[in-house]
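Below is one structure, written out as structure tokens, with a few remarks after it.
Values in this text are rule-based calculations from the coordinates and carry no lab data. Note that the structure is a prediction, hence the values are computed from the model and not measured. Neighbour counts run over all protein chains shown; Cβ positions are idealised from the backbone, glycine included.
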Amino acid sequence: MELSNRQEQIIQIVKDNGPITGENIAERLELTRATLRPDLAILTMAGYLDARPRVGYFFTGKTGSELFTEKLKKFKVREYQSLPIVVEEDVSAYDAICAMFLEDVGTLFVTNHKSHLVGVLSRKDLLRASIGSKDLTSIPVHIIMTRMPNITICEPEDLLLDAAQKLIEKQIDGLPVVNPAEDGLEVVGRLTKTNITKALVELARDQHI
Ligand code: ADP
């Protein structure tokens, strides 16, 4: 995050003199304690400074990039997942293509009559089917999808970084976010490369700090 001049000054004072009270920092800057309060709150929340009751502020010693990594490692899938777009296993490839365009997604999840995950359909799965057949209305998606148990999944409480790792390792664009049900997996979300890009941008722009 971009620190203001005053915040840089505060960090320097705490580095040189910590632990030091807010009152004391204010005196050195010839400002009131009240004026400093927002800066101290920001620096503490961002992890540069720590405060101990009756002792004062001290420097945590963490660099900007250490703090960045620390925060990134805490992000959960549920905080960034999108709504899943789901089709049933017996809809046609033609209808799946329409759903992909209408919903503006690159990956569809396929479910059975119990609404449990049975497969994944990507853009290329549908392109492949289009090349191979003239009548897309007569091909059910369960014939062309990637099917369970070969589906890579994640759960809402998983770390975003672990989900990102799966996307890279499997060279895929998205993961279904699932909750285990009694006899299958219930699809509750969609985690794509775009979600991960959003998390990175948000972190870099400090909306999380
Ligand atoms: P595309 O190749 O269409 O750009 P992907 O790279 O996501 O899209 O998909 C490549 C292949 O991997 C497709 O055959 C697709 O069915 C399959 N696939 C996509 N997502 C998953 C997943 N989460 N688990 C298993 N296979 C997947």
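Structural remarks
- Whole-Hz ³J(HN,Hα) from phi, Karplus 6.51 cos²θ - 1.76 cosθ + 1.60, for the stretch 162-172, glycine and proline x: 5, 5, 4, 4, 5, 4, 5, 4, 8, 6, 10
- Over 23 Å [Cα-Cα, the stretch 96-209], rounded percent: 35 percent
- Here is how the number arises for the chain: DSSP H runs of 4 or more residues each give -39500 (n - 2.57), the sum is divided by the residue count, and the result at 222 nm is -13000 deg cm²/dmol.
- Compared with the dominant principal axis of the Cα atoms in the chain, helix 33-45 is inclined by about 40°.
- Aspartates and glutamates with Cα under 12 Å of Lys124, excluding same-chain neighbours fewer than 8 positions away: Asp173
- Acute angle (nearest 10 degrees) that the helix 93-103 long axis makes with the longest principal axis of the chain, alpha-carbon atoms: 30 degrees
- Quotient of C-alpha Rg and 2.2 N^0.38 Å, computed over the chain: 1.49
- Extents of the stretch 5-62, taken as max minus min of Cα coordinates on every principal axis and listed largest first, are 26, 24, 18 Å.
- Mean separation of Cα contacts under 8 Å, 6 or more apart, over the residue count of the chain: relative contact order %: 20 percent
- Per-peptide packing, taken as the mean over residues of other Cβ atoms within 10 Å, places 165-171, 19-25 in the sequence 19-25, 165-171 from highest down.
- Lys, Arg +1 and Asp, Glu -1 on Cβ, resulting dipole of the stretch 77-200 about Cα centre, debye, nearest 20: 520 debye
- Simple spin-label estimate for Lys193 and Asn5 gives 4.3 nm between the two label positions (7 Å along the Cα-to-Cβ direction from each Cα).
- Largest first and in whole Å, the equivalent-ellipsoid semi-axes of the stretch 29-85 read 32, 14, 10, each the square root of five times a Cα gyration tensor eigenvalue.
- The amide H of Asp158, built 1.01 Å from its N in the peptide plane, has Val77, Arg78 as neighbours under 5 Å, considering only residues 5 or more places off or on other chains.
- 0 to 90° range, to nearest 10: angle between helix 123-132 axis and the chain longest Cα axis: 20 degrees
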